[in-house]
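Reading through the structure tokens given below for one structure.
The values are calculated or read from the model by the stated rules, or taken from the named source; none is laboratory data. Everything numeric in this text was worked out from a predicted model, so none of it was measured. With ideal geometry, Cβ positions are generated from the backbone for all residues, glycine too; neighbour counts draw on all protein chains shown.
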Amino acid sequence: MIQGKNDMYEIKEEKLSAKEYIDFLKRTDLGSQYPKERFNERIGRLLENVNVSLAARNEEGCLIGVLLGLTDFAYWLYVTDLGVDRTCVRQGVGTSLMKTALSLAGGEKNIAVYLVANENAIPFYETLGMEKADDVMRYSHIEWTEFTVK
């Protein structure tokens with residue numbers, strides 16, 4: 001168990017089901033980062049294919065934090081999702097998830113971390129020592145209808 005500021009929680013590698021992850025999205029600010037088009041199908045594919053899948057669970061086994069990412073275990077970790085249940089923010093869960101993922105991918109001396117941050121989350125990432133990057137390119141021609149998972 002890893003001791004958070006207020007609650008006890010455990011972080012471990014775990015593949016999540018689409019049902020559990022969608023329920024989790026409803027309790028976080030991550031629920032508005034995905035397009036509406038083929039949402040359920042694509043979430044299932046995401047969960048099947050990420051090679052970093054970390055779950056933080058409280059003592060009752062409830063999912064309180066998630067980090068999903070892609071890595072080559074040599075140079076890069078791209079964090080696709082990092083979220084914490086709204087009732088558990090500011091308890092060190094997100095920081096612990098990021099540190100665990102970085103260690104799992106190869107450690108801070110070997111791995112550069114990239115992600116797309118929600119504007120409201122930028123202060124959190126800055127406290128981790130992350131900086132805004134100017135060298136990221138994007139190619140996107142997909143339909144993207146904004147919605148929030150409810």
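Which ones in region 80-90 are in a loop (DSSP other than H, G, I, E, B) and either in contact with a strand residue (DSSP E or B) (Cβ under 6 Å, 6 or more places away or on another chain) or surrounded by 20 or more Cβ atoms within 10 Å (Cβ to Cβ) (or both)? Don't jump to the end; show me each part of the working.
Our first condition is that a residue be in a loop (DSSP other than H, G, I, E, B); within region 80-90, this holds for 85, 89-90.
85 - this is the single residue of region 80-90 that is in a loop (DSSP other than H, G, I, E, B) and either in contact with a strand residue (DSSP E or B) (Cβ under 6 Å, 6 or more places away or on another chain) or surrounded by 20 or more Cβ atoms within 10 Å (Cβ to Cβ) (or both).
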(message) Given the options 30, 77, 16, name the one that is crowded, with 19+ Cβ neighbours inside 10 Å, part of a loop (DSSP other than H, G, I, E, B) and of a type in the set (A, V, I, L, M, F, W, C).
(response) 16
(request) Given the conditions (1) of a type outside the set (D, E, K, R); (2) within 15 Å of residue 130 (Cβ to Cβ); (3) modelled with pLDDT of 95 or more, report the number of the one that residue 116 does not fulfil. (result) (3)
(message) Tell me yes or no: at least one residue of region 123-131 is closer than 21 Å to residue 47 by Cβ and either in a loop (DSSP other than H, G, I, E, B) or in contact with a Leu (Cβ under 7 Å, 6 or more places away or on another chain) (or both).
(response) no
(request) Please give the number of the condition residue 124 fails out of (1) crowded, with 18+ Cβ neighbours inside 10 Å; (2) in contact with a helix residue (DSSP H, G or I) (Cβ under 6 Å, 6 or more places away or on another chain). (result) (2)
(message) Pull out all pairs, ordered by first then second residue, where Cβ-Cβ is under 6 Å, the residues are six or more apart or on different chains, the first lies in region 99-112 and is closer than 16 Å to residue 68 by Cα and crowded, with 18+ Cβ neighbours inside 10 Å, and the second is hydroxyl-bearing (Ser, Thr, Tyr) and at pLDDT 95 or above.
(response) 105/71
(message) For region 41-73, give me each residue that is without any contact (Cβ under 8 Å) to a residue 24 or more places away in the chain and assigned to a strand (DSSP E or B).
(response) 68, 70
(request) Read through the list (1) hydroxyl-bearing (Ser, Thr, Tyr); (2) surrounded by fewer than 15 Cβ atoms within 10 Å (Cβ to Cβ); (3) within 21 Å of residue 53 (Cα to Cα), then give the number of the only condition that residue 96 fails. (result) (2)
(request) Can you tell me which residue within region 132-147, out of those that are acidic (Asp, Glu) and part of a loop (DSSP other than H, G, I, E, B), is surrounded by the most Cβ atoms within 10 Å (Cβ to Cβ)? (result) 143
(request) Count, please, the residues in region 99-122 that happen to be part of a strand (DSSP E or B) and aliphatic (A, V, I, L, M). (result) 3
(message) Given the criterion in contact with a Gly (Cβ under 8 Å, 6 or more places away or on another chain), within 22 Å of residue 22 (Cβ to Cβ) and of a type in the set (Ser, Thr, Tyr), identify the matching residue among 71, 87, 80.
(response) 80
